Each structure stands twice: as structure tokens, then as C-alpha cells.
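Enquirer: Got a structure here, written out as C-alpha cells. Questions coming.
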Amino acid sequence: EDKVVQSPLSLVVHEGDTVTLNCSYEVTNFRSLLWYKQEKKAPTFLFMLTSSGIEKKSGRLSSILDKKELFSILNITATQTGDSAIYLCAVLPSGGGADGLTFGKGTHLIIQP
Amino acid sequence: EPEVTQTPSHQVTQMGQEVILRCVPISNHLYFYWYRQILGQKVEFLVSFYNNEISEKSEIFDDQFSVERPDGSNFTLKIRSTKLEDSAMYFCASRTGTYGYTFGSGTRLTVV
């Protein structure tokens, strides 16, 4: 059974801090790893990582994948209160275009002013 | 920016009743999905749909569930006889073949 484990499950930091969220996975056939931000309702897409060692960046957020060690990290620098959310990691297996994502439980990030 | 639209946003139903959750995926997307998230738990895959048929389904997606794309734009999830444990947020998602999923805002289903 495919498994995605995120840590920590919750994290409280002050505005301006840098945070690192972790995601490790065990899947039979790996294709990609995705990060989502979930605020009130729908998960919103952040990054899709397929190749090892290539950092993806979007503003203050960045992420990298290590396919040898089977993990990914999501970094957020200079955090703001608007970064407070649940951050979800999910793995997309290979085997055709229609496979479902396996999600981790998420990291609940709270940024205090 | 294109969106996946779900209706209703919240539905309350009595145990044993049938419910239909509706979704309008992004128009040029080819793959369609339903996920659910029970309160406080992780998002779980239910079913994927491609080329007008189910491509993959999880063990959660039993005979009580069905999906349909009746008119080429809507994508529906039907639960035939709801149980209390079906209470959850149901997310529809769609994607092209090469990029990340776009999720809808979800339908909160409450079975009483």
C-alpha cells in the first residue's frame, strides 16, 4: 500500500521565521510528488516535482525532491500570517494518466503575528 | 483563471437517502476525479474517470457510489443510500495529462 508521511503534523512559528515541512513516501511506482496548500476548503496547487535534486521556487516558497531517499521538503521563508494553512503532500503513481493521488495527513502551519 | 465548480457547497441529507454531488471540471481537462476528506482526516482518493469510463477506483468506492458525465461538461458523484460515515467534504478535481490537479471548493455532505 502506498504511504505518504508528513512531519511535523503541526507547527507554530512567528511571522518572519523560516519553516521546513517534510514529506516522505513509499510507493510502488512513483511518478511525481505534489504539494498543496489547503486553507478553508479546496487544496490549491503549489508544486509538482518529478526529477530529483531540482528545486522549484515560487516567491518565498521552494521545494525539492530526493528520489533516492524518498522524501521532499517544502520551505517557506519570511513567513506571513497568510501562510497559515494546512500543507498537503501527495504522490502520483505511474501507470497511466488517470491514477489517483495518495495524500499525507498534512502539516498544520500557524503563523503568529 | 479556470476553476472547477462544485454544487452544492453544503448538503444535509437523511441516512438512507440518495445524494448527487455535481461538478463542472475545467473544459479542456481530460481526467476527472472525486476525493473525500472526513473531518480531521486526510484527503482520500475515490475514483478517476477518463474517456467516459472509470479508470481507477479505491476500496472506498463500493457499490453505493457511482459517477457519470451525463452531458460532456458536468461530472457527478452519486451515493445511493447514504450512511452516517459518508459525512465528509467531497472534492472534485480535474487535470490535463501533464500537469497538477485543480480541485474544486468541495461539497460538505452531512448525513443525519
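Enquirer: What total accessible surface area, summed over both chains, is buried at the interface between chains B and A, computed with a 1.4 Å probe and given in Å² to the nearest 100?
Expert: Heavy-atom accessible area buried at this interface is about 1700 Å².
Enquirer: Report the calculated FRET efficiency for A:E69 and A:I110 (r = Cβ-Cβ distance, R0 = 30 Å), to the nearest 0.05.
Expert: Between A:E69 and A:I110 the formula returns 0.60.
Enquirer: Pop out a list of residues from the stretch B:77-112 that are at least 20 Å² less accessible with all the protein chains around than in their chain alone; 1.4 Å probe, no ligands or nucleic acids counted.
Expert: B:M89, B:F91, B:R95, B:Y99, B:G100, B:Y101, B:F103, B:S105
Enquirer: What is chain B by shape, rounded, prolate or oblate, if you read a ≥ b ≥ c off the alpha carbon gyration tensor as root eigenvalues and call it rounded for a/c under 1.5, prolate for a/b larger than b/c, and oblate otherwise?
Expert: Prolate, since a/c reaches 1.5 and a/b exceeds b/c.
Enquirer: How many percent of the accessible area of the stretch B:5-97 is carbon or sulfur, using a 1.4 Å probe?
Expert: 44
Enquirer: Given a cut-off of under 8 Å on Cα pairs at least six residues apart, what relative contact order in percent is computed for chain A?
Expert: Relative contact order, chain A: 37 percent.
Enquirer: If you don't mind, there's one more thing I want to ask. Just the projected area, averaged over all directions, of the convex hull on the alpha carbon atoms of the protein assembly as shown: how many nm²?
Expert: Spelled out: convex hull of the Cα atoms, projected over all directions, averaged, 12.4 nm².
Enquirer: Okay, which of the stretch B:62-105 sit inside 17 Å, backbone N to the point 7 Å along the Cα-Cβ direction of B:N51?
Expert: B:69, B:95-98
Enquirer: Also, quick follow-up: Output the pairs from A:K56/B:K42; A:K105/B:K83; A:K40/A:K105 with a Cα-Cα distance over 22 Å in this structure; if there are none, say none.
Expert: Table pairs above 22 Å Cα-Cα are A:K56/B:K42; A:K105/B:K83.
Enquirer: For the stretch A:19-45, list whatever residues lose no less than 20 Å² of accessible surface once every protein chain is in place, relative to that chain by itself, with the probe at 1.4 Å.
Expert: Buried by 20 Å² or more upon assembly, which counts only protein chains, are A:Y36, A:Q38, A:K41, A:A42, A:P43, A:F45.
Enquirer: Note down the nm distance, to one decimal, between modelled labels 7 Å out along Cα→Cβ at B:D62 and at A:T28.
Expert: Modelled inter-label distance: 2.2 nm.
Enquirer: How high is the relative contact order of chain B? Use alpha-carbon pairs under 8 Å, at least six apart in sequence, and give a whole percent.
Expert: So the answer I get is 39 percent.
Enquirer: Return one whole number: the accessible area per residue of chain A in Å², for a 1.4 Å probe.
Expert: Ligands and nucleic acids excluded, the figure is 48 Å² per residue.
Enquirer: May I pose another question? In whole Å, what three semi-axes, largest first, describe the equivalent ellipsoid of the stretch A:3-112 built from its Cα gyration tensor (square root of 5 times each eigenvalue)?
Expert: Its equivalent ellipsoid spans semi-axes of 24, 14, 12 Å.
Enquirer: Here is a further query. Label points 7 Å out from Cα along the Cβ direction at B:E18 and A:T81: separation in nm?
Expert: 4.8
Enquirer: What spacing in nm lies between the two simple spin-label points modelled at A:T44 and B:T110, each 7 Å away from Cα in the Cβ direction?
Expert: So the two model labels end up 2.6 nm from each other.
The values are calculated or read from the model by the stated rules, or taken from the named source; none is laboratory data. Everything numeric in this text was worked out from a predicted model, so none of it was measured. Positions of Cβ are generated from backbone atoms using ideal geometry, with glycine treated the same way; all protein chains shown enter the neighbour counts. Accessible surface is based on the protein model in full, side chains and every heavy atom, while ligands, DNA and RNA are left aside. Shrake-Rupley method; radii C 1.70, N 1.55, O 1.52, S 1.80 Å.
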